[in-house]
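Below is one structure, written out as structure tokens; comments come after it.
Values in this text are rule-based calculations from the coordinates and carry no lab data. From a predicted model like this one, the values you see are computed outputs, not experimental measurements. Note that each Cβ is placed from the backbone with ideal geometry, even for glycine, and that neighbours are counted across all protein chains shown.
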Amino acid sequence: MALELSERLETPRDIVRSKFRATARWGRRLLAAVDYRLEKRRSRRILCDLTDDELRDVGLTRAQARVETAKSWFWS
């Protein structure tokens, strides 16, 4: 009796591939989240280095820039 494609049983190799793909997706999401937070950190450091004139151009005061740069690079 031949098995149809929809009735095909998963082999150990298929199970391992499935778990590997799931782990790879999880890893990519983790790296994307860390990259996003590091980009926020870089932006805040640049904000800290702007002059008062440059801050005024983007609509911020020096105090607002200080508050933003004081935030945690990871959690905020």
Review point. If you add up the charges near residue 29, with Lys and Arg at +1 and Asp and Glu at -1, over every other residue whose beta carbon is less than 14 angstrom from its beta carbon, what do you get?
Key: +3
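State, as an integer percentage, the relative contact order of the range 20-76 based on alpha-carbon contacts under 8 Å between residues 6 or more apart. Mind showing how you got there, number by number?
Numbers: 21 pairs, mean separation 22.0, N = 57.
Relative contact order for the range 20-76 comes out at 39 percent.
Between residue 67 and residue 24, how high is the FRET efficiency from 1/(1 + (r/R0)^6) when r is the Cβ-Cβ distance and R₀ = 22 Å? Nearest 0.05.
Numbers: r = 39 Å, r/R0 = 1.76.
Efficiency computed from Cβ-Cβ geometry: 0.05.
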